[in-house]
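Notes to accompany the following structure.
The values are calculated or read from the model by the stated rules, or taken from the named source; none is laboratory data. Note that the structure is predicted; figures quoted are calculated from it, not measured. FYI the Cβ positions are ideal-geometry reconstructions off the backbone, even for glycines, and counts take in every protein chain you see. Note: areas computed on protein heavy atoms with side chains; ligands, DNA, RNA excluded. Shrake-Rupley method; radii C 1.70, N 1.55, O 1.52, S 1.80 Å.
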Amino acid sequence: MTTDTFDFSIPIDRHGTWCTQWDYVADRFGRADLLPFTISDMDFATAPCVINALQQRLTHGVLGYSRWKNEEFLGAISHWMTSRFNTQIDAESIVYGPSVIWMIAEMIRQWSQPGDGIVVHTPAYDAFYKAIQGNQRQLLAVPLQHSSDGWVCDMAQLEAVLAKPESKILLLCSPQNPTGKVWTHHELETMAALCERHNVKVISDEIHMDMVWSSQPHIPWSAVARGPWALFSSASKSFNIPALTGAWGLIDDAPSRNGWLEALKNSNGLSSPAVLSVVAHIAAYRDGAPWLDALRSYLRANLVYLAERLNNAFPVLNWQVPESTYLAWIDLRPLGIDDSALQKALIEEQNVAIMRGDTYGAEGQGFVRLNVGCPRVKLEQGVKGLIAALASLH
């Protein structure tokens with residue numbers, strides 16, 4: 001499958017590039033010869049406008065200390081939020097960090113104490129568990145519930161958890177990983193009101209904001225926020241540039257923002273950014289929209305292909321394309337297959353690596369998370385292997 005201008009169908013060999021997904025698949029799955037559909041990066045080269053900008057910067061030759069607080073970087077972020085999400089932001093509220101998960105961890109350290117509770121919708125991105133537990137906080141889970149209308153949050157249950165005296169922060173994933181849920185304006189407003197009522201600060205991870213497929217658009221937390229909040233995002237997922245490092249955020253509260261900047265510069269010594277990341281973000285947000293829109297069409301077609309193949313083989317699954325992300329969260333519970341037996345069949349018989357659902361918490365038991373961010377020919381192999389493994393156990 002191609003687009004009018006960009007071709008995402010040609011495989012690129014990533015072996016030998018120190019690639020986590022391909023070169024180090026044995027770390028998690030025990031074998032090095034597996035076809036991976038695992039962590040959330042893609043097998044596509046980044047946008048040509050990003051490559052060109054990086055090449056120009058490298059041609060300059062001097063890679064010394066730099067600054068992120070410049071008109072081009074701040075202006076590119078403001079432009080992206082306005083043009084893609086119809087959201088006006090105050091450039092003064094923008095902050096920088098090496099990655100979204102690092103920024104989340106630092107904000108947790110600033111806004112809470114060891115032993116405090118961090119409220120999270122589950123199943124959750126596995127790095128959330130690590131960031132919370134690694135900083136000696138406790139994760140307070142609010143399980144999402146699946147219905148015919150998709151994934152929903154029981155707001156009464158959420159309020160009961162927010163009302164606990166130990167609850168200090170709601171760590172929101174918007175859109176939600178791994179379920180792909182896109183929060184509605186009403187849901188976001190309800191959560192904002194509840195957090196204000198119970199004096200709970202909000203950290204919103206919006207790294208998947210560009211990958212929404214449903215009619216429900218992504219709404220930045222800044223559009224509904226009340227009280228202290230932080231929004232963190234990056235072009236790393238959308239433009240497949242996580243290895244460059246670099247992310248950005250919005251912290252509206254001046255004292256909190258000043259505390260962040262103080263910690264970034266003095267406590268953590270990170271005042272000079274990865275300059276190639278700054279260059280890449282500017283190029284992506286200024287000139288990358290056509291490439292991203294073509295990629296989005298390709299990714300959604302991959303998800304539709306997966307749904308058709310999976311439901312044709314096992315109609316009882318009735319799996320639907322998620323509302324967002326290129327991470328297919330597949331409920332296999334109707335088949336009654338043991339998670340460990342499935343992984344054994346995938347690895348030993350089909351030579352395929354797909355993430356176990358319980359990687360994302362106990363609520364993920366009976367699920368798998370399959371990354372469709374790849375050329376169709378690779379996805380075809382992976383889906384064939386998944387169906388064969390399921391058939392051998394069903």
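Considering every residue within region 190-200, establish whether at least one is basic (Lys, Arg) and buried (at least 22 other Cβ atoms within 10 Å of the Cβ). The answer is no, given that none of the residues of region 190-200 is basic (Lys, Arg) and buried (at least 22 other Cβ atoms within 10 Å of the Cβ). The condition of being aliphatic (A, V, I, L, M), surrounded by fewer than 20 Cβ atoms within 10 Å (Cβ to Cβ) and not in a loop (DSSP other than H, G, I, E, B) holds for Ala243.
So which residues in region 71-97 are aliphatic (A, V, I, L, M) and either in a strand (DSSP E or B) or more than 15 Å from Ile219 (Cβ to Cβ) (or both), if there are any at all?
Our first condition is that a residue be aliphatic (A, V, I, L, M); within region 71-97, this holds for 74, 76-77, 81, 89, 91, 94-95.
Leu74, Ala76, Ile77, Ala91, Ile94, Val95, listed by residue number.
Checking Leu276, Leu306 one by one, the residue that is part of a helix (DSSP H, G or I), of a type outside the set (Val, Ile, Thr) and assigned by the TED database to the domain that holds Gly364 is Leu306 and no other.
Checked against the criterion of being of a type in the set (A, V, I, L, M) and in contact (Cβ under 8 Å) with a residue 40 or more places away in the chain, the candidates Ala32, Ala26, Ala53 yield just one match: Ala53.
So Leu264 passes all but one of these: (1) touching a Phe, Trp or Tyr at 6+ places or on another chain (Cβ under 6 Å); (2) outside the structural domain of Ile337 (by the TED database). Which condition number does it fail? Failing condition for Leu264: (1).
For region 344-387, the set of residues classified as assigned to a helix (DSSP H, G or I), touching a helix residue (DSSP H, G or I) at 6+ places or on another chain (Cβ under 8 Å) and not charged (D, E, K, R) consists of Ala345, Leu346, Ile347, Gly357, Thr359, Tyr360, Gly364, Leu379, Val383, Gly385, Leu386, Ile387, listed by residue number. Among the candidates Gly180, Gly150, the residue that is under 20 Å from Trp329 (Cβ atoms), of a type outside the set (A, V, I, L, M, F, W, C) and modelled with pLDDT under 95 is uniquely Gly150. Of all the listed residues (Arg137, Arg109), the sole one being among the basic types (Lys, Arg) and in contact with a strand residue (DSSP E or B) (Cβ under 7 Å, 6 or more places away or on another chain) is Arg137.
Just to verify a result, which residue in region 184-225, among those that are of a type in the set (D, E, K, R) and in a loop (DSSP other than H, G, I, E, B), is nearest to Ser83 (Cα to Cα)?
So in region 184-225, the residues of a type in the set (D, E, K, R) come out as 187, 189, 196-197, 201, 205-206, 210.
From the residues that got through so far, the ones that are in a loop (DSSP other than H, G, I, E, B) too are 206, 210.
Working: Glu206: 16, Asp210: 12 Å.
Result: Asp210.
Among residues that are buried (at least 23 other Cβ atoms within 10 Å of the Cβ) and over 30 Å from Glu71 (Cα atoms), Gly180 is included. Within region 325-339, if we keep just the residues that are among the charged types (D, E, K, R) and in a helix (DSSP H, G or I), the residue that is farthest from Asp41 (Cα to Cα) turns out to be Arg333.
When region 254-273 is limited to residues that are surrounded by 18 or more Cβ atoms within 10 Å (Cβ to Cβ) and in contact with a Gly (Cβ under 9 Å, 6 or more places away or on another chain), the one that is farthest from Val95 (Cα to Cα) turns out to be Pro273. Scanning region 29-62 for residues that are open to solvent by 30 Å² or more (accessible area, probe 1.4 Å) and modelled with pLDDT under 95 returns a single hit, Ile39. When restricted to residues that are outside any loop (DSSP other than H, G, I, E, B) and open to solvent by 10 Å² or more (accessible area, probe 1.4 Å), region 159-172 contains 4. Gly97 meets all of the listed conditions (1) open to solvent by 40 Å² or more (accessible area, probe 1.4 Å); (2) among the small types (Gly, Ala, Ser); (3) under 28 Å from Tyr360 (Cα atoms) but one, namely (1). For first residues located in region 71-89 and free of Cβ contacts under 8 Å to residues at least 40 places away in the same chain, partners that are part of a helix (DSSP H, G or I) and lie 6+ apart or on another chain with Cβ distances below 7 Å form the pairs Leu74/Ala91; Ser78/Ala91; Gln88/Thr82. Please specify each residue of region 63-81 satisfying the condition of being open to solvent by 50 Å² or more (accessible area, probe 1.4 Å) and within 23 Å of the chain's Cα centre (by Cα). Within region 63-81, just His79 meets the criteria. Taken over region 1-28, the criterion of being within 22 Å of the chain's Cα centre (by Cα) and buried (at least 18 other Cβ atoms within 10 Å of the Cβ) is satisfied by Phe8, Gln21, Trp22, Val25. In this structure, is Trp102 among the aromatic types (Phe, Trp, Tyr), over 28 Å from Ser215 (Cβ atoms) and in contact (Cβ under 8 Å) with a residue 12 or more places away in the chain? Spelling it out, Trp102 is indeed among the aromatic types (Phe, Trp, Tyr), over 28 Å from Ser215 (Cβ atoms) and in contact (Cβ under 8 Å) with a residue 12 or more places away in the chain.
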